[in-house]
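Here is the structure we will look at, set down as structure tokens.
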Amino acid sequence: MSRPNRFGTAFRERRVSAAADSALAARRGARLAAVQAMYQIDLVGTEAETVVAEMAARPSPTGALDKAFLRRLADGALAHAEALDAAISETLREGWSLARLSLTMRGILRVATYEIRDCLDVPPRVAVSEYVAIAHSFFDEDEAGFVNGALETLARRLRAVEWADGQQGK
């Protein structure tokens with residue numbers, strides 16, 4: 001369907017199907033559950049497999065949950081925690097360490113860094129945007145801005161070509 005925009009030229013409306021919208025919500029739910037799993041693992045020291053299974057069994061606040069994506073994110077973030085922590089630490093200001101961040105902030109950054117680094121089927125700008133939205137669920141604007149800055153720095157470093165390609169479209 002075409003209609004004129006404010007400049008008098010026609011553009012096509014993009015409609016997202018209900019199935020596509022549901023898939024996006026399911027991935028959003030998986031991201032949030034993976035962050036919550038990281039928090040619980042760090043806080044209580046519960047076995048990762050148990051926590052991920054519990055998260056997969058809970059109803060998601062987004063209404064849907066991509067359980068396979070949840071497992072991919074949680075398992076990947078845990079398996080590569082040392083390398084992810086090193087990458088995150090490089091984005092912190094001098095005098096700051098990962099240990100100084102809250103458990104929630106660390107969980108967000110670890111899962112997001114894993115997704116940016118290893119989930120090449122997800123555009124880095126999408127990953128950054130999704131985790132900034134998660135940060136807004138837990139923190140105020142300053143902390144969400146910190147997450148945005150750290151993840152943009154990581155995305156530029158880890159997926160420079162894709163990040164630059166995304167800039168050209170603006």
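Test each condition in (1) aliphatic (A, V, I, L, M); (2) open to solvent by 70 Å² or more (accessible area, probe 1.4 Å); (3) modelled with pLDDT under 90 for residue 52 and report the one that comes out false.
(2)
Which one of these does residue 80 not meet: (1) open to solvent by 50 Å² or more (accessible area, probe 1.4 Å); (2) under 15 Å from the mean Cα position of the chain (by Cα)?
(2)
Search segment 113-141 for residues that are touching a residue at least 12 places away in the same chain (Cβ under 8 Å) and pair each with any residue that is basic (Lys, Arg) and surrounded by 23 or more Cβ atoms within 10 Å (Cβ to Cβ) when their beta-carbon atoms are under 8 Å apart and the residues are at least 6 apart or on different chains.
Filtered contacts from segment 113-141: 115/31; 130/31; 131/31; 134/31.
Which of the residues spanning segment 144-165 are in contact (Cβ under 8 Å) with a residue 12 or more places away in the chain and farther than 15 Å from residue 88 by Cα?
Result: 144, 162, 163.
On the basis of being in contact with a helix residue (DSSP H, G or I) (Cβ under 7 Å, 6 or more places away or on another chain), surrounded by 14 or more Cβ atoms within 10 Å (Cβ to Cβ) and either of a type outside the set (A, V, I, L, M) or not in a loop (DSSP other than H, G, I, E, B) (or both), does residue 157 make the cut?
No; evaluated as a whole, the condition is false for this residue.
Which one of 28, 100 is modelled with pLDDT of 90 or more, in contact with a Ser or Thr (Cβ under 6 Å, 6 or more places away or on another chain) and within 21 Å of residue 143 (Cβ to Cβ)?
Sole residue among the options that is modelled with pLDDT of 90 or more, in contact with a Ser or Thr (Cβ under 6 Å, 6 or more places away or on another chain) and within 21 Å of residue 143 (Cβ to Cβ): 28.
Quick one: how many residues across segment 43-95 are under 22 Å from residue 25 (Cβ atoms), without any contact (Cβ under 8 Å) to a residue 12 or more places away in the chain and not in a helix (DSSP H, G or I)?
The number of residues fulfilling the criteria is 1.
Being of a type outside the set (D, E, K, R) and part of a loop (DSSP other than H, G, I, E, B) narrows it down to one of 122, 128, 111, so name that one.
Result: 122 is the single residue among 122, 128, 111 that is of a type outside the set (D, E, K, R) and part of a loop (DSSP other than H, G, I, E, B).
Out of segment 86-137, which residues are surrounded by fewer than 18 Cβ atoms within 10 Å (Cβ to Cβ) and in contact with a Phe, Trp or Tyr (Cβ under 7 Å, 6 or more places away or on another chain)?
Correct list: 103 only.
The values are calculated or read from the model by the stated rules, or taken from the named source; none is laboratory data. From a predicted model like this one, the values you see are computed outputs, not experimental measurements. Reconstructed Cβ throughout: ideal geometry from the backbone, glycine too, with neighbour counts over all protein chains shown. Surface areas here come from the heavy atoms of the whole protein model, side chains and all, with no ligands, DNA or RNA. Shrake-Rupley method; radii C 1.70, N 1.55, O 1.52, S 1.80 Å.
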